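The structure appears below as structure tokens.
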Amino acid sequence: MSIIGHMIECFFYSNGESGILLGSWTPIYGFGSIIILYINKLLDKYKLKKIYKLLLLFICSSVILSTLEVIGGYIIKFIFNTEIWDYTNHRFNIGKYTSLEMSLIWGLSSILTVYFIKPIMDKIISKIPTYLTYIFIGLFIFDLICTICVKVF
């Protein structure tokens, strides 16, 4: 999801920059996806009616992912002394790093992720050889190390 998030951002924002890493992935989307899937798994335990599950998934994801966005914004500012996003120009901003508009987008994208994207990705992931997964993990770690060396030191 980090790579998909990166591609979506590059498509909508023509400057081609997304995230802090040198490579073509944006880790906050990966963390966000993991959180969404975990929330969904927790909600599955309660055997709720679908409408209640959708509503809870929307609310929980909106709040938690907005919090992740705020924390991520401050961490990036602290470590890399840069700001990747700034929502002060949004009408209903909640500080610099999130807004009501973005919270609603995170809630809707959570529902899309669970009910539309995840089933497609599950089919794709099941066909990816294990060694390729390790290669991507290695590339991600290499990119993380290179980014820290280039941007921090």
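Computed from the coordinates by the stated procedures, all read-outs in this text should not be read as laboratory data. None of these values were measured; they are calculated from a predicted model. Don't worry about glycine lacking a Cβ; one is built from the backbone with ideal geometry, like all the others, and counts go over all protein chains shown.
Things worth noting here:
- Pairs of alpha carbons in the chain whose separation is greater than 22 Å (percent): 47
- Model label points for Leu48 and Tyr74, set 7 angstrom from Cα along the Cα-to-Cβ axis, are 2.7 nm apart.
- Taking other C-beta atoms within 10 angstrom as a stand-in for reagent exposure, Val150, Val70 fall in the order Val150, Val70, fewest first.
- Cross-link partners of Lys77 among lysines, defined as those whose alpha carbon lies under 29 angstrom from its own and excluding same-chain residues fewer than eight positions apart: Lys96, Lys151.
- Charge dipole magnitude, Cβ of K and R +1, D and E -1 - the chain, Cα centre, debye nearest 20: 740
- For Lys45, a cut-off of 30 angstrom between C-alpha atoms picks up these lysines, skipping any fewer than 8 places away in its own chain: Lys53, Lys118, Lys123, Lys127.
- Packing order of peptides 128-136, 34-42, highest average first: 34-42, 128-136 (average count of other Cβ atoms within 10 Å over each peptide's residues).
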